[in-house]
Structure formats: C-alpha cells, structure tokens
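> For reference, the structure I am asking about is given below.
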Amino acid sequence: MLAVVMLTGPVAACRAGGDATSSGSDSSAAGSTSEPGAESSSAPESNGGSSTSGETTSGGAGSSSAASGSCVADLVASLTPQQRAGQLLMVAVQTGGVAGVAKLVANGSVGGVIYLGGWSGAATVAATSRELTAAAPSELGLFVAADQEGGEVQQLRGAGFSDIPSAQEQAALGSSELTRSVQVWAGELAKAGVNVNLAPVADVVPASIGTANGPIGRYHREYGATPAAVSPAVAAVIAGLHAGGLAATVKHFPGLGRISGNTDTTTVGITDAETTADDPALEPFAAGIKAGADMVMISSARYPKLDPANQATFSKAIITDLLRSKMAYGGVVITDDVGAAVAVQSVPVPDRATRFVAAGGDIVLTARASDITPMRDALVAAAAADPAAADRITAAVTRVLTLKSAYGLTRCSPGE
C-alpha cells in the first residue's frame, strides 16, 4: 500500500474532459543550464491514477465543469498550427537573455519558460515574471517554471527565497511538517510569479549505489533509498506545492536511481538494465500521480527491459503504454532538458520534439532558445503531413491548456 496524501479540489473532470476532446529541464546542481502537513482547501485534487487500480483518475488542478472542457476544446480549435506547436515548447530564461525569450513568448513560439542559470533575489525574478507574462497572449497564458528542489538544486536564491534543505533532510521532517514547509517555499515562488515547480524527485537510489549515482545520489536529491521511504515524501511535497498554489512535477520517470552517468553530461552509464513495468521503484511515481501530480517529467536514460530501442524520452512503450495506460496517468508529460543535454545530441533538434510528442509526450523543454524555431516548425510540418500526428498534437495541446486553465492562466479558467 502506498503512503500518499489525498487532496481535494475541483479537478478531475477538467483534465478528463480535456483528454476526451482529443479521443516532466532539471539540473544536477544549482547553476547548471540544463534542467528544472495539513491538507489545504486550495490544494488540487488527484490528477492521475495508481498503477494498481488500472483506472484513470485524471485531473490536475482545474475546473470540474463540462463547460470548461468545451471552452478548452474551442480554444485549441482557434489556434494556428504555429500557436499549437508553441504551446508544446518550454524554453530556459537566463540572466541576460530575457528580451529574446520575451519575443518568443510574444509571437507564440513557446507556451512556457523556466528559470535556469542561477537567479538571485525574488524582486528580480518577480519583475522578470511580470515582463514575460505580460508578453504572452492573454487567452493562452504562460507557464513560468522553476527548478526548486532544495539542497544543491535550487535555481532561485537570495532575498525572498528560503534556503531549502536537501531532499534527504526534507524527508527527515516527516510528512506533515514537510508539507507545511513546502507550502511556505511554494508561496515564495508564487509571489515571484512562478506557477510550476519541477519537483519532487521520485527517483529511488538504492543504498548500494548511493553517491555513485551521477544524476541524483551524487547531489543528495533523493528522499530515500527505498520506495517506502520515497513515496510519502513525494506525496507530501506535492501537497505543499498545491497548498502554495503551484503545479507539481514528479520526475524522472521511470527512474534515474540505478544509473551511474548523468544524462546532462554524458552518454556513458545511462542504461538501467533492471527496471521493468512492475518494478517497485515505480511506486513513488504512482504515489505522486495519486497525490495529484500535474506533470510527469521523463528521463533521457535507457531502459532495455521496457524499450530496447529507444531512450525514455522517445519511447511510446514508456510514455504511452506504461505511464499513460498501465499507470493510468492522464496529465501533462514533459521532457527533461533536450537542448543542452549530451544524452540526446545524436538526435537532430527538430526530431527531439516530434519524436517526443509521437511517443505520447506534451511539453518539450530546452535550455537553448535557438532550438525553439526548428522544433516549432517540425511540429507544424508533422501535423500538416500526417493526420495521426495532427491528432496527437491536438491531444497534447488540449492537456497543456487544460492544466493552464486549472491554474487560472487562460480564458477558460474559472471566473474568467
């Protein structure tokens, strides 16, 4: 039995409705340019399902009305092919590069941004968030994300941001205290204009591997060494993020805990030869889904027992068959960084976007603004050339805009 925090809120029908109308960069340390308690009445409801039930309980934080689902469908239908493609792209915004990113936001080339590169001071971040949000089309809104796990992975620091402890230290607080602490940290992000946190980490790093695990263990990003230790912490963090008004992202599916190499920096040691579709290491992801994870980030590692041919990012077997079907997750799926990450450099930039969406994914995250135009154009071309690809893109945009609506970002949001 998974230990999870059950949340309540007006969610499930909005996400489910979005799916019906159509039929997840994080870094290894802060400053990298890749990658990112009590129940509250404001917290979102569960948006996924458990791997044991086999039933979809999709949701997210959103409206439960059929009218909202209809509004999202109409909004998707009103978009140009370029605007649809843009909603599936998220780009890094780094100090000194705000103006260029603002142009991409304004012309509809991206639907989201993520703070990377290390930012100091909440006032600076808030001003940047206001500038970027103002540039976005009002009917579509903008995801503004941060990679704010704590410990060595905290992109936003300085005045106005708490010094967040490592995941291992967070887990030692216990679920209730952890949720209360995360709610405070989430509130700081929300005041700075952030609406998505690329956390929590659901990876299980066995004690026998520990710091030899390059992407997670080396930086103490894991909540524990067993699924039983990680699952309640994942759920508690999601509860706190929701209580603070942020969308939560569980990562890095189906798990980075058994590899030695870091996909950001190498192609060596990034094959997990053990993980299967019934692996206990998937339990923290199931716990996160049940607790209401709004996004699931996919790793760029390889899992030959799940898909011998493809990295997880480009794997239908992992994203559609395992995550969406077997584990009953109906929400938004996002890549880890597929711009600067060494693990994907052999794949042409345009193909990184089209292959991910073809596998069942939604948001392509890149640390490189120069990737956006070729990725956008490739998605537009794929939709024009293949009706099945066009349908997949419509489904992905519907999921993205349903989640945006749930967080008050689009014209379909409650009260708009």
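No value in this document is a laboratory result; all are computed from the given coordinates. Here the structure is a predicted model, which is why all the values come from computation and not from measurement. Cβ: placed from backbone, ideal geometry, glycine included. Neighbour counts: every protein chain shown.
> For Q345 and S70, FRET efficiency with R0 = 45 Å and r from the beta-carbon atoms, rounded to 0.05? Each step should come with its number before you reach the end.
On the way: r = 42 Å, r/R0 = 0.94.
That pair, S70 with Q345, gives E of 0.60.
> Cβ neighbours within 10 Å, averaged per peptide: list 193-200, 236-243, 382-389, 128-135 in order, most packed at the top.
On the way: 193-200: 27.2, 236-243: 30.8, 382-389: 14.1, 128-135: 17.8.
The peptides rank, most packed first, as 236-243, 193-200, 128-135, 382-389.
> With Cβ to Cβ distances under 15 Å as the rule, what net charge do the other residues near P348 carry (K, R +1; D, E -1)?
Values: positive: R352, R355, R368, R376; negative: D351, D371, D377.
Summing Lys/Arg as +1 and Asp/Glu as -1 gives +1.
> Between A190 and E169, what length comes free when the chain is fully extended (0.36 nm per residue of separation minus the Cα-Cα distance, one decimal in nm)? Let's see the in-between values first.
Details: separation 21, 0.36 × 21 = 7.56 nm, distance 2.32 nm.
Value of the extension gain: 5.2 nm.
> Using only the C-alpha atoms of segment 307-416, find the volume of their convex hull and express it per residue in Å³. Write out the running numbers ahead of the final one.
Numbers: hull volume 13.0 nm³, N = 110.
Hull volume over Cα atoms, normalised by residue count, gives 118 Å³.
> For S120 and T80, calculate 0.36 nm times their separation in residues minus their Cα-Cα distance, and state this gained length in nm to one decimal.
Values: separation 40, 0.36 × 40 = 14.40 nm, distance 3.70 nm.
Taking S120 through T80 to full extension adds about 10.7 nm, to one decimal.
> Near I372, within a Cβ-to-Cβ distance under 12 Å, what is the net charge of the other residues, with Lys and Arg +1 and Asp and Glu -1?
Values: positive: K103, R352, R368, R376; negative: D371, D377.
Once positives and negatives cancel, what remains is +2.
> Return the lysines within reach of K251: Cα separation strictly under 18 angstrom, same-chain partners fewer than 8 residues apart disregarded; answer none if there are no such residues.
K290, K316, K326
> Here's something else I'd like to know. For K103, give me every one of the aspartates and glutamates with a C-alpha distance below 12 angstrom, ignoring sequence neighbours fewer than eight places off in its own chain.
Within the straight-line cut-off, K103 pairs with E131.
> How far is the Cα center of segment 313-372 from the Cα center of segment 211-259, in Å?
Each part reduced to its Cα centre gives a spacing of 20 Å.
> Same structure, new question: With a/c under 1.5 counting as rounded, go ahead and sort segment 12-406 into rounded, prolate or oblate using the C-alpha gyration tensor (a ≥ b ≥ c being the square roots of the eigenvalues; past the cut-off, prolate if a/b is larger than b/c, else oblate). Before the final figure, lay out the partial values.
On the way: a/c = 1.23, a/b = 1.14, b/c = 1.08.
Taking the square roots of the gyration eigenvalues as a ≥ b ≥ c, segment 12-406 is rounded.
> Determine the sum of side-chain charges near V98: Lys and Arg each +1, Asp and Glu each -1, restricted to other residues whose C-beta is under 14 angstrom from that of V98.
Details: positive: K103, R130; negative: E131.
Combined, the nearby Lys, Arg, Asp and Glu give +1.
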